[in-house]
Structure formats: C-alpha cells, structure tokens
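The values are calculated or read from the model by the stated rules, or taken from the named source; none is laboratory data. Values in this document were obtained by computation on a predicted structure and should not be read as measured data. Cβ placement follows ideal geometry from the backbone for every residue including glycine, while neighbour counts extend to all protein chains displayed. The accessibility values were calculated without ligands, DNA or RNA, using every heavy atom of the protein model including side chains. Shrake-Rupley method; radii C 1.70, N 1.55, O 1.52, S 1.80 Å.
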Amino acid sequence: MKTLAKHFLMAPHPTGKQSLMCHEAEPIIPPDLAHKAAQGPVNSNVGRHQSSQRYVFTRRRNMTQLPSEAGNFASGAFEPDDDWLASAPKELQIAAMRRWFLDRYEDPANETPWDGEDKEYVFVWGGPYDPNDEIQSRFGGIVEFDTMWELIEELWREVGDKWAPIEHEGIDYDDYVSHLVVIDRSDPNRFLEERIAEIFAVLDAAVLDGANNRLLHQMAHSSLIAALEAYLADTVSFWVEKDERALRRFVNTNKDFQARSLTVAELFERLENLTGEVKTYLADFVWHRLDKVKPMLASGLEIKVPEIGDLMKEIIVRHDIVHRAGRRADGTLVELSTEDLSRVREAIKQFSNGIEEELARRFPVQLDSVAQDMF
C-alpha cells in the first residue's frame, strides 16, 4: 500500500513554468482595469482572494478596450451583454470573451498546489477547466464557432487546457491539506484515529441485515487494516525524511538496500538521490507485511516494536476478505460481529500507542521543538 502522505507546494511549476504575467513584453491593459494593476495583489489568506480586486494579466494579442455597453463591469467578474456580443465585430467578441474567461480562470502556476510526488497540480478549488468547454458552454449560440475557436486556441497556447478557478470560495486550503499531508510528528497517529472514528461512525449509522451487514463488516475490517498500513507508512516516511540518523540507519540495516551493488562511478549519483530512492521504496512497500515492518521499525528507527501476533491474525482475515471475496481457504464465509471489529480497533490502538511511546523516547518532543526553532 502506498503512503497517504503527500507534500504540496504553493509554488510555480518546478520545471520552471511561471505565470505568463511576467514574460517578455508588458501586456496591454484595458483602461478600465488599469487601477487594479496599480493596486497590486491583494493581501489575503492562502487560497482566498476576491476576483473583484485581482486580475491576472496574461500575455495577449491586440487587446482592445471594450465599450461600456459591452456588459457589466461593476460586478467584479465581467459579464458580457449577450445582445451586444451577438452583433459586435469579431475583434470585440474575442476581447469580451477573453475578458470574461480571464476574470474567472487563471494559470494554475499562480496559486494551485503542486504535488511533487505525482508531478501534477492538485486542483483543490475545482477544475481543471478547459477553455474549450467553458467558452463554448457560455457563448455557444451567441458567437460563431470559428470565432470562439480562435480564442480557445490562443488560451491553449498560453497556458494549456487545464486552468484553475480564480475564486477560492468554499474550501479552506489549510484545512484541506491538514487531512492529507504529514507535516507534524503527531499527524500519522491523528490520521489513524480520525480514520478509525470515521469507520465506526459509518457502522453506527448503517441499518443493514443479513448478507449486506456481513459485507459492511468485512469492508470495515479491511478499512481498519488499511488505516494501520497508512499509519505505519506515514510514520516511517516522516522520520526517515526528518532525521538524518534515521535515514542512515534505515539504509544500513535494510536488506533490500544492502543487496544493491554499486560501481564507483555510480556512488556519488546514488548518494545525491538516496532520499528520493528511499521515499520511492517506502511508497511501494507492502505495509500489511507486519513481519517485515517490525524489523524495519526496530532497526531503522531504533525503537521497541509491540508484539504483532494478534494483528497478524487480522492480516490473514483481511487477506480472505480482499483476495477471496470474504471466504476462507476452506470456502466458509468470514463472519465478523461488531464486537470483533471493536477488538480489532483496540488491537490497532494498543499497537500504535506503543509505537508513539517509543517514538517519544527515541525522538524527545522537547528536543524536536528546539530543533525546529533553530531552523
């Protein structure tokens, strides 16, 4: 199972792509928007700003000032008057549609989080939006297709077919990321507790009988084991990335890494890419193999790992649920009561609490706080 942790960056595309508002020649700014350029960007919380106070000046060709009768300029995002637009010259039609589009959508490099692991933008505020879809949806039947297509191709050349919304209303980015990204040492255990609570909330809310109830309990059981896997993956990944000694211990004691031979020519390149190589290894690791996880935690993080005997029995049950469609090797059905699921929950909590106690001993919280204050 792959780790759930991902590191999102509020930054331009790492390949060097930047917002088009700072390229080559300065854009021609319509007079009715000049005062917005003079104001500069609005100070706001991450992920929230008002389009009425912000306008992304993307590189454009032959921008033409729109007449007052072109539409509503006062509502924040420009809204063209359809009657005027239908009879306007082609140049003004393109200018009006462009203005409408750029008042609502922007290059994702401006604000959208970048997932460095999967190498893609995470459109947390909606999207991505394709100019082809948005332009035709709004102006189809009003403007000739060839005119719309000319603008669509221009927008594709400037940014592509994946644009982000300018409005970020309705989603708190910090809250969104707090449920995805391991930032603090307490996050893996917090994620585990939240997931377990969600699983039992579903069980409490469900009113099912017979086979449906059996299936629900089987799904809950496998979800509990998956939550444990995510906890282990998040925990090891966090400390290997955060603590250099933990990284060294992990590499020195891991049999898979010891088995990999190196030439002298490959040595320095391997050292430079070592952290990334370890992260890839951890992302692909099968975390319900507790027989392999236990020595990894013990040697890599230098902690005493709680007994895994009871949990290994549940791993076998999980295998029958996932790979045998809820039947054991002898063909009998896997029957799980609410009490069985509560027992699994307590076993997971006891195991994770033991890990947390050992991590607190190995990586004292006070020293951890001091180290963070130093950087």
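For (1) in a helix (DSSP H, G or I); (2) out of contact with any His (no Cβ under 9 Å at 6 or more places or on another chain), each residue gets a yes or a no:
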{"residue": "191", "(1), (2)": "yes, no"}
{"residue": "196", "(1), (2)": "yes, yes"}
{"residue": "202", "(1), (2)": "yes, yes"}
{"residue": "207", "(1), (2)": "no, yes"}
{"residue": "212", "(1), (2)": "yes, yes"}
{"residue": "215", "(1), (2)": "yes, yes"}
{"residue": "225", "(1), (2)": "yes, no"}
{"residue": "228", "(1), (2)": "yes, no"}
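The single residue among 142, 135 that is in contact (Cβ under 8 Å) with a residue 60 or more places away in the chain and more than 30 Å from residue 279 (Cα to Cα) turns out to be 142. Regarding the stretch 107-115, can at least one residue be identified that is modelled with pLDDT under 95 and within 29 Å of residue 67 (Cα to Cα)? The answer is yes, given that some residue of the stretch 107-115 is modelled with pLDDT under 95 and within 29 Å of residue 67 (Cα to Cα). In this structure, is residue 95 surrounded by fewer than 18 Cβ atoms within 10 Å (Cβ to Cβ) and among the small types (Gly, Ala, Ser)? Judged against the criteria, residue 95 is not a match. When 263, 275 are checked against the criterion of being at negative phi, surrounded by 14 or more Cβ atoms within 10 Å (Cβ to Cβ), among the polar types (S, T, N, Q) and modelled with pLDDT under 90, a single residue qualifies: 275. Set side by side, the residues 114, 84 differ, and just one is open to solvent by 20 Å² or more (accessible area, probe 1.4 Å) and in contact (Cβ under 8 Å) with a residue 12 or more places away in the chain, which is 84.
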